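Have a look at the structure below before the remarks.
Quick note: the coordinates plus some simple rules give every number you see, no bench work behind them. Quick caveat: nothing in here was measured; it's all calculated off a predicted structure. For neighbour counting, all protein chains shown are included, and Cβ atoms are generated from backbone atoms with ideal geometry for every residue, glycine included.
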Amino acid sequence: MASFRILVVEDELPAAQMVQFYLEREGFAVSIAKDGPTGDSSVRQAPPDLAVLDIMLPGFDGLELCQRIRQHSNLPILMLTARAEDTDKAIGLGIGADDYLTKPFSPTELIARVKALLRRAYQFNEPAHPTVLGGPRLQLHLARRQVTLDTTATISSTSASTRPCLVNSRTFVWRPILTKKIGTRNA
């Protein structure tokens with residue numbers, strides 16, 4: 001699978017790290033949020049390709065987070081929680097979750113469900129926000145604001161005021177990257 005970005009919202013650090021380990025082992029880029037408000041902020045600032053939500057979270061719970069995400073996004077949501085009652089599952093799926101997995105869970109089943117959700121969501125469409133553009137020699141990592149040339153040279157920009165500038169009639173580059181590469185002349 002392509003390098004999809006997955007947000008895991010889980011307040012228990014060992015559980016979050018275990019999910020992260022299994023997902024990263026499959027080639028996914030994983031970030032962790034420890035509570036509802038942080039998860040909501042993460043989804044809004046750097047939308048993932050899929051979210052894995054626990055229900056019992058500090059701040060506000062995973063059900064409310066799922067509802068908030070659904071107000072502005074169709075990203076796939078997998079509920080991963082200890083709440084195993086049928087009514088809990090029905091509520092989670094009813095408010096917008098795409099799948100529901102109970103703890104304890106099999107890592108194999110977790111990976112299979114994540115891959116199935118991603119396949120359904122992006123089989124005929126690229127993710128709404130490509131994570132990497134370019135080809136084999138030159139790659140532009142949008143979320144990280146990095147340009148990599150031949151996998152050996154990486155130029156980054158963490159400036160909040162990055163603006164694209166015209167390189168030629170078809171190419172735009174972030175101004176700090178261009179400035180760093182060729183100096184300040186004409187930048």
Would you please name the GluC sites (Glu not before Pro) within the stretch 4-92 that are DSSP coil residues with at most 16 other C-beta atoms within 10 Å of their C-beta?
GLU12, GLU26, GLU85
List the aspartates and glutamates whose Cα sits under 15 Å from the Cα of LYS89, skipping any in the same chain fewer than 8 residues away.
ASP54, ASP61, GLU64, ASP98, ASP99
For ARG137 and ALA84, extending 7 Å from Cα along the Cα-Cβ vector and measuring point to point gives, in nm, a value of 5.6
